[in-house]
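Remarks on the structure that follows.
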Amino acid sequence: MNIKLIAIGKTDNKALQSLIDDYTKRLSFYIKFDLDIIPDIKNVKNLSESQQKEKEGELILAKLTPTDQLILLDENGKNFSSVGFSEELQKKMNSGVKTLVFVIGGPYGFSDTVYAKAQGKISLSLMTFSHQMVRLFFIEQLYRGFTILKNEPYHHQ
């Protein structure tokens, strides 16, 4: 199985980017992982929230293949413990999913079209985090999930 994380906009904080790069490298020992950044939309001042979500949605959906399984990182998604998330990853691998695609939306969330295409939603927390920090937290949780599945000493219960 391959895992892809799609996110809107670049990470301009060098410290966060360094940590994202570190966990991305660690994750590569377990699975093929790609972080796909969609550039920020230009002239958003001239767009309504809905128009911005639609434009971002078109760019997100253009990155998908028909066999990809799409999971949105969404505040209204399902909550997992780290162990529960690792079990969910194992189920996806066992089910034969070729590419599992997670998406961090833009500042206003996702368009209705993206919601309709998604096979699931995950919430990382009831709290709100910056989109840049969510990338780090999510990649770290992917890494943690694989260390749990391999019974490695990274995660403590």
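The values are calculated or read from the model by the stated rules, or taken from the named source; none is laboratory data. Values in this document were obtained by computation on a predicted structure and should not be read as measured data. Surface areas here come from the heavy atoms of the whole protein model, side chains and all, with no ligands, DNA or RNA. Shrake-Rupley method; radii C 1.70, N 1.55, O 1.52, S 1.80 Å.
Near Asp34, the amide H atoms lying under 5 Å from its own belong to Ile3, Lys4, Leu5; only residues 5 or more places off or on other chains count, and H is placed 1.01 Å from N. For the chain, the C-alpha radius of gyration divided by 2.2 N^0.38 Å, with N the number of residues, is 1.03. With Cα atoms defining each centre, the stretch 120-134 and the stretch 16-44 are spaced 15 Å apart in the structure. What angle do you read, to the nearest 10 degrees and between 0 and 90, between the alpha-carbon axis of helix 131-149 and the longest principal axis of the chain? Tilt of helix 131-149: around 20 degrees.
Using a probe radius of 1.4 angstrom, the carbon and sulfur fraction of the accessible surface of the stretch 62-148 is 53%. Around the amide H of Leu124, modelled in the peptide plane, lie the amide H atoms of Asp74, all under 5 Å away and 5 or more residues distant in sequence or on another chain. Extents of the stretch 67-157, taken as max minus min of Cα coordinates on every principal axis and listed largest first, are 39, 30, 18 Å. Only beta bridges with both residues in the chain are counted; by DSSP, about 5 percent of them are antiparallel.
Apply the a/c threshold of 1.5 to the C-alpha gyration tensor of the stretch 1-65 and tell me whether it is rounded, prolate or oblate. In terms of gyration-tensor shape, oblate.
Working from the Cα coordinates of the stretch 28-101, the gyration tensor eigenvalues give, after taking √(5λ), semi-axes of 29, 16, 12 Å in decreasing order. For the chain, the mean residue ellipticity at 222 nm estimated from helices alone is -13500 deg cm²/dmol, where every DSSP H run of n ≥ 4 contributes -39500 (n - 2.57) and the total is divided by all residues, rounded to the nearest 500.
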